[in-house]
Amino acid sequence: MNKIILLTAATMMSTTVAAHEQHTVTFNDENCEVEFQNDVRITPDNLVITTASHATAEITSQGTLTLNGDIIPLNQQQQAMLTQYSEQLRGRLPQVANIAFEGIKLAGVALNEVATTFNLTNLDDIHAVINDFETQVHGTFYQQGAFVMGKQTFDDFGSNFDEQFSEKVETVIKGAMMQSIGSLLVTIGTEMSNSNGDMSAFEQRMEDFATQIETKVTQQAKAIEQKADSLCGEFEQIAHHEAIVANAIPEMSAYQLFKFK
């Protein structure tokens, strides 16, 4: 019986963690041809790019450019280019957060499948893990009424997000097993009965269960991955446009958000 419980636990852990690791979006830009080199803060009224030396470029919704508090005079063409650039950032950057939310919810699908299959009773803890990370993502990208994004966001948040999520998933599954040991044993007994006591048949049922969850999340995962790939390509287009803007407005050259690798 101990071997069976260990097999069941291993299936539960590997299934949920693997579903997260293989099918969620990681918070880095290593798959893109561009990377962030500065940070941006977006509100309904303005867009502010901040460099590592804390220099700022503010673009208002009316297309006015202010560098470190000084208004930069622009001609009509320059203002039109700057406004288009600002609109591109406003439209594309928040999609990073949306993709992150989708990835977390997808991991939740696997967690709920495991909880339902093994009759785990403390679903509140499982839901709390998902809610906590949704809150963490929201707090990272949305601060004091503004959307924030850039190099600092990825440096502070992206490097250890997946590791933190996996660790919490493992912890909550272990806790769920301990608190639901009675119902878990009933479930295992039922599975063994259905397999006529055949251990190899039981092992196969566990493998089939893992495959079932993998199949369920794969389609959604591919859709998320396609969105991420598409967004990466759009960032590259914005980076090209950004270079054109900097060429037309030399003062903006020090405030480019992206750089090509």
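The values are calculated or read from the model by the stated rules, or taken from the named source; none is laboratory data. The shown structure was predicted, so the numbers you read here are calculated from the model rather than taken from an experiment. No Cβ is skipped: glycine too gets one built from the backbone with ideal geometry, and neighbour counts run over all protein chains shown. Note: areas computed on protein heavy atoms with side chains; ligands, DNA, RNA excluded. Shrake-Rupley method; radii C 1.70, N 1.55, O 1.52, S 1.80 Å.
So, residue 213, is that one over 26 Å from the mean Cα position of the chain (by Cα) and either part of a helix (DSSP H, G or I) or farther than 30 Å from residue 65 by Cα (or both) or not?
No; evaluated as a whole, the condition is false for this residue.
Look at residue 105 and say whether it is modelled with pLDDT of 70 or more, open to solvent by 70 Å² or more (accessible area, probe 1.4 Å), among the basic types (Lys, Arg) and within 30 Å of residue 213 (Cα to Cα).
It is true that residue 105 is modelled with pLDDT of 70 or more, open to solvent by 70 Å² or more (accessible area, probe 1.4 Å), among the basic types (Lys, Arg) and within 30 Å of residue 213 (Cα to Cα).
When the residues of region 129-162 are narrowed to those that are charged (D, E, K, R) and under 17 Å from residue 35 (Cα atoms), which ends up modelled with the lowest pLDDT?
It comes out as 156.
Answer yes or no: is there a residue in region 82-99 that is over 21 Å from residue 59 (Cα atoms) and loosely packed, with under 15 Cβ neighbours inside 10 Å.
yes
Please tell me if residue 126 is open to solvent by less than 80 Å² (accessible area, probe 1.4 Å) and at pLDDT below 75.
Against the criterion (open to solvent by less than 80 Å² (accessible area, probe 1.4 Å) and at pLDDT below 75), residue 126 qualifies.
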